[in-house]
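Q: So that we are looking at the same thing, I have put the structure below in structure tokens.
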Amino acid sequence: MKQPSIRSAARPSARHQRQGPRTRTPWGAALAGAVLGIAFAVSWFAPAAWLASALLSLTDGRVVLAGPQGTVWRGSAQLVFSGGAGSRDAAALPGRVSWQLSPHWNGVSAWVDAACCTPQGLTLKVLPRWAGASVLLSDSQSHWPAALLSGLGTPWNTLQPDGDLQLSTQGFTADIVQGRLALAGSAHIEARHISSRLSTLRPMGSYRFSLTGGAVTALHLETLDGSLRLTGDGQWGGGRLHFSGFATAAPDREAALANLLNIIGRRDGARSIITVG
């Protein structure tokens, strides 16, 4: 009897070789890595114009970053306040505003600096929430030109205020949930040496406007000094603003302030009644 060849018995057939396990090439993993790398590079080097476009849409055209330079994460632009889409009112902050964004696992922190107005810069944190977000502003003090308000449209474009606005905040937080805004902490604006194109009296006075957050945000207006005297209180809650106050002139300044008193509220003898909401 013919013995089988040791060589032929030891070698598997070509058919069995073809049916053995195949070595997989790493093309799939490499492609996925390349896509992720490109996405990261695009987002990291995204131009500052993307941030300007997003802010324009978010504020309905009321806050504009003009001439943006740099990237979304680190850049600068000129800050412009506008009356919104279709408005001809606009007022620009002198100089440029610089920003730096830093992403974190639970949100984004931002540092904003305006050479004219923020001695130490402003630090904010944006934390995503279900159907919204929380914005935390670090305790700070800053100074802004009152003329910037003229760009916001009515009634500021009529008043054309001039002077200095000193803003201070403490524990200030804004929660935005399902389009509703809720505030916590406090903010104070001292309007110093304010004047208006509606009166020849310069300045008319200095004032303090206080905001105290809570379930219902409380508002308070008082006069620090001057011939135009303003006072009032209000509330902001449920997306609605209610404010009532009075404006009067010092006895020897009634003629110089008459035109302004006729415009800012409803005249009731020597005083003007201010009502919002």
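Q: Taking the condition surrounded by 19 or more Cβ atoms within 10 Å (Cβ to Cβ) and either out of contact with any strand residue (DSSP E or B) (no Cβ under 7 Å at 6 or more places or on another chain) or aliphatic (A, V, I, L, M) (or both), does residue 201 pass?
A: Here the answer is yes, as residue 201 does meet what is asked.
Q: Within the stretch 120-132, can you find the residues that are exposed (fewer than 15 other Cβ atoms within 10 Å of the Cβ), part of a loop (DSSP other than H, G, I, E, B) and without any contact (Cβ under 8 Å) to a residue 24 or more places away in the chain?
A: Within the stretch 120-132, just 120 meets the criteria.
Q: Checking residue 208 against (1) farther than 24 Å from residue 117 by Cβ; (2) free of Cβ contacts under 8 Å to residues at least 24 places away in the same chain, which test does it fail?
A: Failed condition: (1).
Q: Within the stretch 133-192, work out how many residues are in a strand (DSSP E or B) and not small (Gly, Ala, Ser).
A: Residues in the stretch 133-192 being in a strand (DSSP E or B) and not small (Gly, Ala, Ser): 26 in total.
Q: Hey, which of the strands (runs of 3 or more DSSP E) in the stretch 45-107, taking only ones fully inside, have at least 2 residues that are more than 26 Å from residue 155 (Cα to Cα) and within 16 Å of the chain's Cα centre (by Cα)?
A: 74-82, 97-104
Q: Right, next: In the stretch 66-99, what residues are polar (S, T, N, Q), crowded, with 16+ Cβ neighbours inside 10 Å and farther than 24 Å from residue 146 by Cα?
A: 71
Quick note: the coordinates plus some simple rules give every number you see, no bench work behind them. None of these values were measured; they are calculated from a predicted model. Because the Cβ atoms are built from the backbone with ideal geometry, glycine has one as well, and the counts that use them run over all protein chains shown.
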